[in-house]
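Note sheet for the following structure.
Every number in this text was worked out from the coordinates using simple rules, so none of it is lab data. Bear in mind the structure is a predicted one, so any value in this text is a computation, not a measurement. Cβ coordinates were reconstructed from backbone atoms using ideal geometry, including for glycine residues, and neighbour counts include every protein chain displayed.
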Amino acid sequence: MANVIFTSKATAKNGRDGHVQSDDGLIDLKLVNPATNKEDKGSNPEQLFAATYASCFDGALNLVASKEKKEIDSLTTAAVSFLKDTDDNGFKIGVELTVKIKGVDQNEAEELVEKAHQVCPYSKATRGNIDVHLKPQAV
């Protein structure tokens, strides 16, 4: 393993219909499976992954932009879908990253988003494992 900078921990109980909590208590959520329970309020793994991927990708984007001396204002939205896998009759996830960037034209936005996709730790972790669609938008 590479040199550890920090470690975050969370513990889940009872899977998609249970509870998840971070070791510091900042995350303390009831989990509800939206595919089987439309009544109760709660989070789900896909929602949590969307939040973490969006924040990590936006950070990578801003790092890439700063190294290229570009002043941008960005907003990254991750839509994480829970999918039926027709290949093995199981399940998988897919991600669509919509990235709105002020301060650059469309071509620059596309280049920055592609470069961020190469350096983002979440993009690296998912590369080749899930479908990730990038939707850069100069605004």
Excluding residues fewer than 8 places away in the same chain, name every one of the lysines whose C-alpha is closer than 28 Å to that of Lys41. Lys9, Lys13, Lys30, Lys84, Lys92
Please give the helix 45-67 orientation as an angle from the longest Cα principal axis of the chain, in degrees from 0 to 90, rounded to the nearest 10. 20 degrees
Quote the relative contact order of region 47-101 in percent (integer), defining contacts as alpha-carbon pairs under 8 Å separated by 6+ residues. 34 percent
Go through 59-70, 29-40 and give me the packing order, highest mean Cβ count within 10 Å leading. 59-70, 29-40
Peptides ranked, highest mean first, by Cβ atoms within 10 Å: ranges 41-52, 123-134: 41-52, 123-134
For Ile27, which sequence-distant residues (separation of 5 or more, or a different chain) have an amide H within less than 5 Å of its own amide H, given hydrogens modelled in the peptide plane? Ser22
To test your reading of the geometry: what angle, between 0 and 90 degrees and rounded to tens, separates the Cα axis of helix 106-119 from the longest principal axis of the chain? 50 degrees
Bins of 5 Å, starting at 0 and running to the largest distance - Cα pair percent for the chain: 2, 9, 16, 17, 16, 16, 12, 8, 3, 0
Neighbour counts of other C-beta atoms within 10 Å: give me Phe82, Phe91 arranged from fewest to most. Phe91, Phe82
Can you find, among Thr126, Leu29, Gln106, the residue sitting farthest towards the positive end of the charge dipole of the chain, where Lys and Arg contribute +1 and Asp and Glu -1 at Cβ? Leu29
Can you list residues whose amide H is under 5 Å from Gly18's amide H, if they're 5+ apart or on another chain and H is modeled 1.01 Å from N? Leu31
